[in-house]
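Written out below as structure tokens is the structure these notes cover.
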């Protein structure tokens, strides 16, 4: 497993340092195959099924992408660019190609979910960054807005925690793409903060063995509630601070309608995240049997919580 993780990181570095579509495509395929090997590490029917679905979707999109990049060298038309963008959106699992993404996430382990929602999105988002100058911005804005609103509204009707976090990840993708249009540094900062908060939350969910919204609402753990609210983007936590920076930059660029719709989608996200933690703040619950016992792991979680609530906002304020 450690070797596979190292190789995945190497494939990402290879894509970052590449200067041609073909070498980036090779890195993308290496990344995909290595991740499938991680998915199939545990011999379980659900894991094998999710690996096969992931393989089919990524293979189809990769074939379309490499074919489109070949024609781009000869025609350089808007239609070819549109096909390439839609193919990358399919790889990312954004609207309107989000059904496979949620379905596969719901059948993964928590740590595989973390990789799917962070590491596996770096290379496709880099491709969008490289194509910024040739992208139809109006089309991209519509996709970003629809992705944000559909993901937020869809999460309201879910009781499976993995699906809720999957829809939340879709919503965060809209913010990531908008941060990418602002500057590369903003995107990198957003990706790092989101990864740290996401990793902390998923690690705690795994240790507490929480699978459904009902279990989450019965949970009595103040630290978990703080991490959830940070993911929701409640002030003054890290999840809010980075969005605040993006909102400021978008307002300076007169993107008022985009800001309005993204804020509405974030408020909907905030609602279903606060719903998880309301009972923890309002009522006293008896200690549940899924409380953690490993002191070393508890210490690691505490350090991650401090980073997501105190350290990261202070660092961001220093660099603003």
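The values are calculated or read from the model by the stated rules, or taken from the named source; none is laboratory data. Worth saying up front: this structure is predicted, and the values here are computed from it rather than measured. When we count neighbours, we look across all protein chains shown, and the Cβ atoms used for this are built from the backbone with ideal geometry, even at glycine.
Candidates are the residues of the stretch 1-14 that are farther than 12 Å from residue 120 by Cα and in contact with a helix residue (DSSP H, G or I) (Cβ under 9 Å, 6 or more places away or on another chain); the one that is surrounded by the fewest Cβ atoms within 10 Å (Cβ to Cβ) is 1. The set of residues in the stretch 200-209 being surrounded by fewer than 22 Cβ atoms within 10 Å (Cβ to Cβ) and either more than 12 Å from residue 224 (Cα to Cα) or free of Cβ contacts under 8 Å to residues at least 40 places away in the same chain (or both) consists of 209 alone. Within the stretch 237-269, if we keep just the residues that are assigned to a loop (DSSP other than H, G, I, E, B) and surrounded by 13 or more Cβ atoms within 10 Å (Cβ to Cβ), the residue that is modelled with the lowest pLDDT turns out to be 237. Only one of the numbered conditions (1) more than 21 Å from residue 12 (Cα to Cα); (2) part of a helix (DSSP H, G or I); (3) more than 16 Å from the chain's Cα centre (by Cα) is not met by residue 129, and that is (1). Within the option set 114, 95, being surrounded by 19 or more Cβ atoms within 10 Å (Cβ to Cβ), under 16 Å from the mean Cα position of the chain (by Cα), touching a residue at least 60 places away in the same chain (Cβ under 8 Å) and assigned to a loop (DSSP other than H, G, I, E, B) holds for one residue only, 95. Restrict the check to the stretch 194-208 and report whether at least one residue is over 16 Å from the mean Cα position of the chain (by Cα) and over 20 Å from residue 277 (Cα atoms). No - not one qualifying residue is present in the stretch 194-208. For the stretch 23-52, filtering for residues that are more than 26 Å from residue 67 (Cα to Cα) and out of contact with any helix residue (DSSP H, G or I) (no Cβ under 7 Å at 6 or more places or on another chain) leaves 8. Checking each residue in the stretch 15-31 for being free of Cβ contacts under 8 Å to residues at least 40 places away in the same chain and under 13 Å from residue 124 (Cβ atoms) picks out only 29.
Can you find a residue in the stretch 80-92 that is assigned to a helix (DSSP H, G or I), within 21 Å of the chain's Cα centre (by Cα) and farther than 24 Å from residue 133 by Cβ? There is no residue in the stretch 80-92 that is assigned to a helix (DSSP H, G or I), within 21 Å of the chain's Cα centre (by Cα) and farther than 24 Å from residue 133 by Cβ.
Count of the stretch 41-58 residues, restricted to those that are in contact (Cβ under 8 Å) with a residue 12 or more places away in the chain and under 22 Å from the mean Cα position of the chain (by Cα), is 10.
Within the option set 50, 62, being part of a helix (DSSP H, G or I), at negative phi and surrounded by fewer than 19 Cβ atoms within 10 Å (Cβ to Cβ) holds for one residue only, 62.
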